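Have a look at the structure below, then the notes.
The values are calculated or read from the model by the stated rules, or taken from the named source; none is laboratory data. These numbers were taken from a predicted model, which means no experiment stands behind them. All Cβ positions, even for glycine, are placed from backbone atoms using ideal geometry, and neighbour counts span all protein chains on display. To get the accessible areas, we keep the full protein, side chains included, count just its heavy atoms, and leave off ligands, DNA and RNA. Shrake-Rupley method; radii C 1.70, N 1.55, O 1.52, S 1.80 Å.
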Amino acid sequence: VQLQASGGGLVQAGGSLRLSCSASGRTFRRYHMGWFRQAPGKEREFVSSISWGISITYYADSVKGRFTISRDNAKNTVYLQMNSLKPEDTAVYYCAADYSRSNWEDTYAVDYWGKGTQVTVSS
């Protein structure tokens, strides 16, 4: 599985962005998908993930109520709608895929990583 993230950019605090992650491969629908982020000088952290099948979703506490993850299996794409953005959301956002686990709150051990997309939120 190859992953390509897009949709990052510069936005003012309170604004919105939608990240997209396109996946290659015909087995996309069988992979759990999600996002991590890494801010300068900080460790990579879990943001959100979504299971295959019935699309159970998971969110980090810091983004609950503001971010929404979804997937379109027909388009091999997973989305992250980010609303009410804060300066502390500034980071490189990485798309990821894993065959076995859907909840990534306590792990970085996913099968595939995409290249990141920069999100910058100005105050």
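Within the span defined as the stretch 17-38, one or more residues are surrounded by fewer than 18 Cβ atoms within 10 Å (Cβ to Cβ), at negative phi and free of Cβ contacts under 8 Å to residues at least 40 places away in the same chain. Candidates in the stretch 72-123 are the residues that are of a type in the set (Asp, Glu) and part of a strand (DSSP E or B); of these, the one that is surrounded by the fewest Cβ atoms within 10 Å (Cβ to Cβ) is 72. The residue that is surrounded by the fewest Cβ atoms within 10 Å (Cβ to Cβ), counting only those in the stretch 62-71 that are in a loop (DSSP other than H, G, I, E, B) and of a type in the set (Lys, Arg), is 64. Return the residues of the stretch 39-59 that are open to solvent by 50 Å² or more (accessible area, probe 1.4 Å), among the hydrophobic types (A, V, I, L, M, F, W, C) and either more than 19 Å from residue 112 (Cβ to Cβ) or modelled with pLDDT of 95 or more (or both); say none if nothing qualifies. 54, 56, listed by residue number.
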